[in-house]
Amino acid sequence: MELLNSSLLEWSRAQFAMTAGYHWLFVPLTLGLGIIMSIVESIYVKTGDEKWKKAAKFWQLIFGINFAIGVATGIILEFQFGTNWSNYSWFVGDIFGAPLAIEGIVAFFLEATFISIMFFGWNRVGKKTHLASTWLTVGGATLSAYWILVANAWMQYPAGMAFNPETVRNEMVSFWSVALSPFAVNKFFHTVVSAWGLGAAFVSGVSAWYLIKNRNNDFALKSIKVSAIFGLVSFLLLAITGDGSAYQVAQKQPMKLAAMEGLYKGHEGAGLIAVGMLNPAKKAYDDNVDPYAFKIELPKMLSLMGYRNINAFVPGINDIVAGGYALPDGSIALSFEEKRSRGQKAIEALANFQEAKKAGLDSEAAQYEAVLRENYPYFGYGYLTDAHQLVPNVPLTFYSFHIMVIIGAYFILLFLVLCWYNCKKKIESTRWLQYVALWSIPLAYIAGQLGWVVAEVGRQPWTIQDVLPLQAAVSSLSAGNVIITFTLFALLFTALLIAEITIMVKQIKKGPED
Amino acid sequence: MTENTIANEKFNWFKMFWDGFMSMSTLGKTLWVVVIVKLIIMFAILKPFFFSDFLSSKDDKASYVSEELVDRSVSLPLSE
């Protein structure tokens, strides 16, 4: 076997992270702007006011630019599964393939069909048919996102599957357990609502630019009226779904929650850090260095958020490594060493099962299969050499989480102010608010990216939680090949981003049609 | 065609696409160029030359992955 090296692993990770990061620059605007343009068109259909129609057509044009340039960037991620993460791709079998196939066949075609009526059908179908097409376009895009997020959620919380040692694949035993796992449902709502928030921030910011330039004021005020209310609702929903996501993380990925909070030593009635800074001197979970330079906590809130009980015990990183604490289901948490031992037993049983099958020893194979099944929940621990590998990048996860939350709170305030000034009809004359709205657009993108950093960095070292770590999932490629493709992707995506920004800015400067 | 005459016209998919493409603005044409160039790069260059399916070259994929999974367990630590 060609031995792996850390360079291959790191470049493969970097490549996937870069592709996913770029992909998430395009997707949230499609989802968020899609809802806003649909609302604007709904108002036009209800009121018959041509100015709303003009606004709807303009936002659909911007939607079209983003859609055309961003569409199919996610396919690059699928290329990488087959090439860079081939062990993973084989191992997850049809569980991962089924949601992606549904996404491609049903959702994308729904989107692609109705987008043509949305753009070409203004004067060919009735108002209500056109409106239905617009909603179905964004509905298709949202459905697309759902199936992608189901696939992602399964990696974070593998449900509804059984491992088949003969094919070395996980096979789906319950479609609905995969499609409707609480992790998937929460992830979908939190992610999609974050995209709505980004869409609202984008529309508010662009509209504010028109007000700053003192042109197309009526269009801008109409757009802000919709985006401010929609943005406020979105960010409030984001806080609620974020709470749901944190609860799921506490139940299924306690190490991620501990990293998000920089919590090394768990305790009952744990507080949530409102503002804090990690101690840069802390290098490892077991170095006895105080993890915080300073912190301001909301007392007992982490226990409440994670376990719906203000006095619940929240395990820290050290506790998760050492085990021995009571889990929510009443069982006692295993230590890292115990999990690793069970993981090694599972891998050994797989090897023995394969040998027995080849030799035609079915009864022995059945015994090995039983050992494998008993220890399978810890299969991935058999690849970890020591407990330090179990701990994700704490500073990156901690700061990403807290900055994301701060930006989310900032947007709730911003949209509240925008709604207030809109009610008072003062937005047009409040120049500082227009600038704030305009310069807040990048913050929405940053928050979205940070959310994915929390979700993905926080679950390291796993590609599939507890079952398959990175070093077992990656293909035996040469690191040089991965560096070449990394560079090609960087160039392609940067070119696409430049094209998107250039075309979009040009169209925004041109403004809505007269 | 105006919206007032829509009710009198029978919807024709082909005509909608034909007229839509024929009367496409510069922006629309530019976006189609971007889409086509992007898809060519992705499917005609990146996929065949840089992203072939890694396992497609293996005769027995299950055995290959099984060996990989067993060999990479902690008994064989990663090399630098």
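The values are calculated or read from the model by the stated rules, or taken from the named source; none is laboratory data. On a predicted model such as this, the values are computed, not experimentally measured, just so you know. Note that each Cβ is placed from the backbone with ideal geometry, even for glycine, and that neighbours are counted across all protein chains shown. Heads up: the accessible areas ignore ligands, DNA and RNA and are worked out on the full protein's heavy atoms, side chains in. Shrake-Rupley method; radii C 1.70, N 1.55, O 1.52, S 1.80 Å.
Could you tell me which of A:Ile39, A:Gln344, A:Leu450 has its Cα farthest along the dipole of chain A towards the positive end, charges placed at Cβ (Lys, Arg +1; Asp, Glu -1), taken about the Cα centre? My answer, from the dipole projection, is A:Ile39. The A:Arg215 and A:Glu50 beta-carbon pair, evaluated with R₀ = 22 Å, returns a calculated FRET efficiency of approximately 0.75. With Cα atoms defining each centre, the range A:246-281 and the range A:186-227 are spaced 33 Å apart in the structure.
How many angstrom separate the Cα center of the range A:80-133 from the Cα center of the range A:154-173? For the range A:80-133 versus the range A:154-173, the Cα centre distance is 25 Å.
Computed from point charges on the beta carbon alone (+1 for Lys and Arg, -1 for Asp and Glu), the dipole magnitude for the protein assembly as shown about its Cα centre is near 2940 Debye.
Ordering A:Gly324, A:Phe489, A:Ser335 by Cα displacement along the dipole of the protein assembly as shown toward the positive end leaves A:Phe489 in first place; charges were set at the Cβ atoms of Lys, Arg (+1) and Asp, Glu (-1).
For the pair A:Leu77 and A:Ala490, label points projected 7 Å from Cα toward Cβ lie 2.1 nm apart. 3J(HN,Hα) along the range A:10-24: 5, 5, 5, 5, 4, 5, 5, 5, 5, 4, 5, x, 5, 4, 7 Hz, from the Karplus curve 6.51 cos²θ - 1.76 cosθ + 1.60 with θ = phi - 60°, whole Hz, x for Gly and Pro. Ranking B:Lys61, A:Lys256, A:Lys225 from most to least accessible surface, computed with a 1.4 Å probe over the protein chains only, gives A:Lys225, B:Lys61, A:Lys256. Between the beta carbons of B:Asp71 and A:Glu171, assuming R0 = 22 Å, the FRET efficiency works out to 0.40 to the nearest 0.05. Ranking A:Thr463, A:Thr129 from most to least accessible surface, computed with a 1.4 Å probe over the protein chains only, gives A:Thr129, A:Thr463. Solvent-accessible surface (1.4 Å probe) assigned to A:Trp420 amounts to roughly 150 Å².
Projecting the Cα atoms of A:Val27, A:Tyr247, A:Ile273 onto the dipole axis of the protein assembly as shown, where Lys and Arg carry +1 and Asp and Glu carry -1 at the beta carbon, places A:Val27 farthest toward the positive end. Ordered from highest to lowest accessible area with the whole protein assembly present and a 1.4 Å probe, A:Lys424, A:Lys357 read as A:Lys424, A:Lys357.
Using C-alpha pairs under 8 Å with a sequence gap of at least 6, the mean separation divided by the residue count of the range A:105-197 gives a relative contact order of 25 percent. With the cut-off at 1.5 for a/c, could you classify chain A from its C-alpha gyration tensor as rounded, prolate or oblate? The shape class here is prolate. The range A:411-488 to the range A:1-72: how many Å between their Cα centroids? Cα centroid of the range A:411-488 versus Cα centroid of the range A:1-72: 13 Å apart.
Taking amide H atoms as placed 1.01 Å from N in the peptide plane, the amide H of A:Ala274 lies under 5 Å from those of A:Ile296, A:Glu297, A:Leu298, each 5 or more residues away in sequence or on another chain.
Based on C-alpha pairs under 8 angstrom that are at least 6 apart in sequence, chain A has a relative contact order of 20 percent.
Taking all Cα pairs closer than 8 Å and separated by 6 or more residues, the relative contact order of the range A:274-424 comes to 17 percent.
Over the residues of the protein assembly as shown, the helix contribution to mean residue ellipticity at 222 nm works out to -22500 deg cm²/dmol, using -39500 (n - 2.57) for each DSSP H run of at least 4.
Here the range A:25-176 is assigned +1 on the Cβ of each Lys and Arg and -1 on the Cβ of each Asp and Glu. Its dipole about the Cα centre then comes out at about 860 debye.
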